[in-house]
1. Is it true that residue 244 is modelled with pLDDT of 95 or more and either in contact with a strand residue (DSSP E or B) (Cβ under 8 Å, 6 or more places away or on another chain) or of a type in the set (Ser, Thr, Tyr) (or both)?
2. Can residue 169 be described as out of contact with any strand residue (DSSP E or B) (no Cβ under 6 Å at 6 or more places or on another chain), of a type in the set (A, V, I, L, M, F, W, C) and surrounded by 14 or more Cβ atoms within 10 Å (Cβ to Cβ)?
3. Could you list, in sequence order, all residues of the stretch 40-56 that are within 18 Å of residue 90 (Cβ to Cβ) and out of contact with any Asp or Glu (no Cβ under 9 Å at 6 or more places or on another chain)?
4. Which of the following residues is modelled with pLDDT of 95 or more, of a type outside the set (Val, Ile, Thr) and surrounded by fewer than 19 Cβ atoms within 10 Å (Cβ to Cβ): 117, 66, 26, 87?
5. Could you count how many residues in the stretch 154-173 are assigned to a helix (DSSP H, G or I), aliphatic (A, V, I, L, M) and touching a helix residue (DSSP H, G or I) at 6+ places or on another chain (Cβ under 6 Å)?
6. Looking only at helices (runs of 4 or more DSSP H) that lie completely in the stretch 1-96, which have at least 2 residues being among the small types (Gly, Ala, Ser) and over 25 Å from residue 209 (Cβ atoms)?
7. Suppose we keep only residues that are touching a helix residue (DSSP H, G or I) at 6+ places or on another chain (Cβ under 6 Å) and under 20 Å from residue 87 (Cα atoms) within the stretch 174-202. Which one would you say is surrounded by the most Cβ atoms within 10 Å (Cβ to Cβ)?
8. Under 8 Å by Cβ, and 6 or more places apart or on different chains, what pairs join a residue from the stretch 11-25 that is without any contact (Cβ under 8 Å) to a residue 40 or more places away in the chain with one that is assigned to a loop (DSSP other than H, G, I, E, B) and crowded, with 19+ Cβ neighbours inside 10 Å?
Amino acid sequence: MTRVVGGILGRDGSYRDPMWELDVRLTPLEQQLLRTWEVRRLQFIAHGGASMLTTHQTYSRLEHSLGLFALAAYFDVDDLAARVAALLHDIGHLPFSHTFEGLAGLHHHRIGEQRMLGLRPLLAGHGVDVDEVIAIESGSRPSVLRGERGLKLDHLESFLRSGRVHGRLMEPPPQTLKRLWVSEGAVHTDLATATYLAELATGEAQYLCSLEDAVPSGVMRGLVARLLSGDLLDQITWMTDDELWAVLLADPRTSEDAERLRRDPLGWEVVVDDGTDGYAYQVDKLYLTTACVDGVPIELPTAELPTLPWTCRIVWRS
């Protein structure tokens with residue numbers, strides 16, 4: 001029977017990931033988790049953060065989480081705690097994903113752990129220990145999701161999903177998937193495929209230090225920093241992207257630049273950070289792990305990568 005709806009609700013007890021072309025039979029717990037606000041909220045958080053204003057990377061954090069969930073079930077269908085960890089691994093994200101990470105001490109891993117603990121009764125009712133789920137997410141309990149070294153499934157999922165919308169893929173993801181296996185939490189493959197995945201990682205790194213990412217991320221981060229001393233600090237962790245936009249557009253301290261960013265992103269210029277006008281922006285971390293070949297992560301291919309920390313200042317010029 002032909003599937004007519006690519007749904008994310010698990011309504012018929014199953015989920016099909018359209019990018020990976022994987023079908024997963026959902027457990028009753030997974031069906032219930034898809035209805036919780038902790039998970040449902042991720043449909044209203046852009047996976048690419050503020051760059052959804054300037055790129056095709058407009059898909060949601062839930063889409064990525066479901067992709068990781070499908071991969072976890074594909075590589076280890078019987079590890080129910082790992083499947084739950086994959087589904088819940090991003091529930092602590094702030095609006096626009098990583099855009100505000102670290103501001104006022106806010107970190108999505110800490111927030112996510114607290115939210116997982118809040119789901120303890122639901123998980124326990126289905127025989128899943130929330131402490132085991134947290135241990136899987138942190139890497140202290142072995143699973144297909146994370147090992148001590150090498151490319152993990154979370155980053156694999158991100159590299160290919162991002163690479164697809166940015167036009168960097170050389171083949172459909174299901175073809176790549178056929179050449180992959182997971183051992184001790186790391187992705188293993190042949191040398192040609194590992195090199196291809198590493199090139200996707202370097203492409204992602206270059207994108208994270210481009211005008212298309214720096215302008216929206218730098219301006220949005222600066223605007224939110226202006227407001228975090230007030231009630232917003234208590235509210236932002238549960239906000240969705242649209243709810244935060246409403247605040248930024250309504251507050252007189254942020255409304256002008258928020259409107260400028262929405263209407264004319266190219267009115268902003270990326271310049272050397274001289275500590276004067278505009279919004280300071282800095283990239284401190286790039287995700288450059290590689291797949292294993294013959295049990296060892298390969299070296300990154302020769303590519304021009306940004307030097308960290310990568311800093312700039314975003315100035316309105318229009």
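1. It is false that residue 244 is modelled with pLDDT of 95 or more and either in contact with a strand residue (DSSP E or B) (Cβ under 8 Å, 6 or more places away or on another chain) or of a type in the set (Ser, Thr, Tyr) (or both).
2. Yes; evaluated as a whole, the condition is true for this residue.
3. Of the residues in the stretch 40-56, the ones within 18 Å of residue 90 (Cβ to Cβ) are 40-52.
If the condition is that a residue be within 18 Å of residue 90 (Cβ to Cβ) and out of contact with any Asp or Glu (no Cβ under 9 Å at 6 or more places or on another chain), then 40, 41 are the ones that fit.
4. From the options 117, 66, 26, 87, the qualifying one is 117.
5. Residues meeting the conditions: 1.
6. Details: elements: 28-33, 37-40, 61-75, 80-88.
Of the helices (runs of 4 or more DSSP H) lying wholly inside the stretch 1-96, those with at least 2 residues that are among the small types (Gly, Ala, Ser) and over 25 Å from residue 209 (Cβ atoms) span 61-75, 80-88.
7. 187
8. 13/26; 14/26
The values are calculated or read from the model by the stated rules, or taken from the named source; none is laboratory data. None of these values were measured; they are calculated from a predicted model. Reconstructed Cβ throughout: ideal geometry from the backbone, glycine too, with neighbour counts over all protein chains shown.
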